[in-house]
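Q: Would you mind keeping the following structure in view while I ask a few things?
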Amino acid sequence: MHHRFLLLLRILSWTLAALLALAAALALFVATYNWNHAKPWLTQRFSDLLKREIRIDGDAQLGWARGPASEPASIRFIPRLRLVAYDVTIGNPSWATAADHLARAAAVDVTFDILPLLRQRWNITDLQLKRPVIVMERDAERRKNWRFTDRREPRWSVDIRRLAFDHADIRYVDRPLDLDLRFDTTPLPGNGGVNLKDEVKGLEVQFGISGKFRDATVAGTGQGGALIDLLNDDGQFPLRAEGEVGQAHVVLSGVMPSPRRLTYFELKLALSGNSLADLYPATHVPLPATAPFKVSGQLSGERADLTATQWDWHYRKFAGIIGQSDINGEAQYLQRDPRPVLRATVRSEKLVPGDLMPPRDKTQKKDAAAGGRSLSARQFDPEKWGAMDAEVSITAQHVEQPPNIALQDLHLELRLKDRLLTVDPLRFATAGGKVAGQVTMDARQRQMRAQAEIDGRALHLRQLLPSLASMQGSFGQLDAHARLAGSGNSIANLLASAEGSVKARVSEGAISKFILEAAGLNVADAVFAKLYRDRQVHLNCAVADLEVKAGQALFKQFVVDTDDAVIDVTGQIDLGRERLDLDIRPQSRELRVFTLRTPLYARGPLNKPEIGPYKGPLLARAGAAAALALVAPVAAALPLISMGKELPNVCAQRH
């Protein structure tokens, strides 16, 4: 028994000695062998394994190393292999087109543990790169050139504990996103390009950004965390970038969790520019042309899992200004079939509609003025409406439109689906009354079709038209209803083809007597009223009934009835040519001195009409006065005295 035990002990001793001798021989071989002789065989084996070309055009050395001083002493002295190679190239798969390589470096110095290789784990304890050039590409089929297997989860896992570099040129090409960015990356001063895993990290690298995103050019600068955290599964990558995306200025900051296995992130995003429409080249979201804007909020992106290709975007708690308008709220951009969906809730304390509408440039204004035009001829772009669907809710406490129009409690719900835009409901308060309506714009054909119906109730004229000084005495209320439909790709074209009706009624109240007397050319009363303050007359009613056909607004009825006079207006307005042709016929109820009681006309462009008396009746009266003046000066005033007529109150008849 004792003999057998000694024999077994001797066998174990010799076996251990043989293993130690073999290990020593292997260690000596690794340290002394000229590995340049094995380069062709090794690179070919790796090329076959990875299905892409691997080249080492310079020297290659394999030796032993120990850990850096930053490691605990318990593991620092465990032997590990160190490979140093020069002019290293990792090629691309055959489908890649952005470049002929995935990575290239003037020198690669990598140190890794031996035993984890048996468990298909590549624990890289130290990786040093000299002038690396990396081109990462994702093609239209969502294949990634940095993945070396088609397996959902690769057999080999990689853990890099320390990374150092001097200057890195990193390019990222993403065909599905239409993204091509280049990052010219260097370590921040004082960092030396050394990144240690599991240490407290801040911003450690700086980079310049150039390239394009969709149809927008990108240029800017930024700082980021340790590049090592872009490669490890549990990395946290702090990021700050600022630059121009198209014509918009963008500031982005925050932390990207687990960038290598990214399914959710949240960053602070600030945007500013001359118009929200400037975001279209990058976002392909058809936002309106607006006044200059500045907004900031929290941007998050989320996908279902690592295999999901669609990201949903959420812009939370955004706040900012557009021109003189303040805005806040949240927005979502969801990838859905057949079109993405924009959902937004926008709130405002003060909203100026002019800030949200396309401004006309000086040339357009000059051309419009020269042609007597005031309606916008700027073309809508309905093709952009097909880029997405939308559900937008807008609420504003105060809406201010210079010079003197003010709205309160605006609320509208906007929906866009397959290029069919509806605004329903649309409601607000103004001039002490309420306005409600709905609008539909159908861009599913070449010439857009639009329909609008607006209803206004109990609108106080004094508040509705405060800019007219002569109307300060008016306390009547306005009720109105308009229903219009037309086709065209601009406001001017829509009205030029409009069909529908406009009806309005002013209830009993008081109105400035100066306006009525001036309309009747009662010179004496007009001068008296201007010098000694305006008096008021009782307004029985005012009625307007317009029929719109093929862009022609026909005055079926337009009457102003007071205790002093009745004014009838007939004629039409050509909405296509923006010209009016009206007859205004005042009839006095009372005796007036110096009344030039003759019909008036209003003709010409809407923005600058010519208003005056018809010359025939006026000249006849003036001639009669001149003839009588030869007989007696007092008698000359007789033709200028209106005796008045007993005119019935038209309100009861016409309502």
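The values are calculated or read from the model by the stated rules, or taken from the named source; none is laboratory data. Nothing here was measured: the structure is a model prediction, and the numbers come from that model. Positions of Cβ are generated from backbone atoms using ideal geometry, with glycine treated the same way; all protein chains shown enter the neighbour counts.
Q: In the set Gln451, Gln438, which member is closer than 25 Å to Ala480 by Cβ and more than 25 Å from the chain's Cα centre (by Cα)?
A: Gln451
Q: Taking Asp184 as the residue in question, decide whether it is acidic (Asp, Glu), over 26 Å from the mean Cα position of the chain (by Cα) and either modelled with pLDDT of 90 or more or assigned to a loop (DSSP other than H, G, I, E, B) (or both).
A: So Asp184 passes the test.
Q: Could you list, ordered by first residue, the pairs with Cβ atoms under 6 Å in which the first is in region 222-251 and touching a residue at least 24 places away in the same chain (Cβ under 8 Å) and part of a loop (DSSP other than H, G, I, E, B) and the second is of a type outside the set (Gly, Ala, Ser) and surrounded by fewer than 17 Cβ atoms within 10 Å (Cβ to Cβ), at least 6 apart or interchain?
A: Listed by first residue and then by second, the contacts come to Asp233/Arg260; Asp233/Arg261.
Q: Looking at Val158, Val194, Val173, which one is closer than 27 Å to Lys51 by Cβ and at pLDDT below 85?
A: Details: Val194 fails: closer than 27 Å to Lys51 by Cβ; Val173 fails: at pLDDT below 85.
Answer to the check: Val158.
Q: Can you find, within region 297-340, the residue that is farthest from Val285 (Cα to Cα) among those that are among the acidic types (Asp, Glu) and part of a strand (DSSP E or B)?
A: Asp326
Q: Same structure, new question: Filter region 293-330 for residues that are among the aromatic types (Phe, Trp, Tyr) and within 15 Å of the chain's Cα centre (by Cα); which is surrounded by the fewest Cβ atoms within 10 Å (Cβ to Cβ)?
A: Restricting to residues being among the aromatic types (Phe, Trp, Tyr) and within 15 Å of the chain's Cα centre (by Cα), the top hit is Trp313.
Q: Cβ-Cβ below 6 Å, separation at least six or inter-chain, first residue in region 427-444 and free of Cβ contacts under 8 Å to residues at least 60 places away in the same chain, second aromatic (Phe, Trp, Tyr) and assigned to a strand (DSSP E or B): which pairs?
A: Note: pairs meeting the criteria are Val435/Phe428.
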